[in-house]
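The values are calculated or read from the model by the stated rules, or taken from the named source; none is laboratory data. Bear in mind the structure is a predicted one, so any value in this text is a computation, not a measurement. So basically every Cβ, Gly included, is an ideal-geometry build from the backbone, and we count neighbours across all protein chains shown.
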Amino acid sequence: MSVQLDTDKLAAMVKSKRAGRGLRAVAQEIGEVSASTLSRIEQGSVPDVNTFLQLCKWLNVPTDTFTTTDETATAAESAAAGSDKIVAHLRADRVLPKATAQALIEMIQLAYRQVSQEALGH
């Protein structure tokens, strides 16, 4: 699982709180952050850790407000792999009639698609 910083969300929140005030004035208000750094962040650049922590403090939000994980993608991939294994077993079953196996495969694939979509928030 990897964690990524949502720089678009960070930039939007900084711009919103700055509310048209000058970059220098806001940088001074935040402390330990330059106006040029603020400008780069508003354009989507990734801040260093100390700057990120200062911004979160200034914005009065927890750091995880701006982090995203690929956990939902992993859940969808896991579901697809689970489905593939079951399908392989059903197809290999010599006792199960082919029409029954196919009906079960379609039901299972439909169920796994539904789970994957829910994991991705659709």
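Taken together, the residues in region 1-29 that are surrounded by 11 or more Cβ atoms within 10 Å (Cβ to Cβ), within 20 Å of Thr67 (Cβ to Cβ) and not acidic (Asp, Glu) amount to 11.
In summary, no helices (runs of 4 or more DSSP H) completely within region 7-79 bear 3 or more residues that are at pLDDT below 95 and within 30 Å of Gln109 (Cα to Cα).
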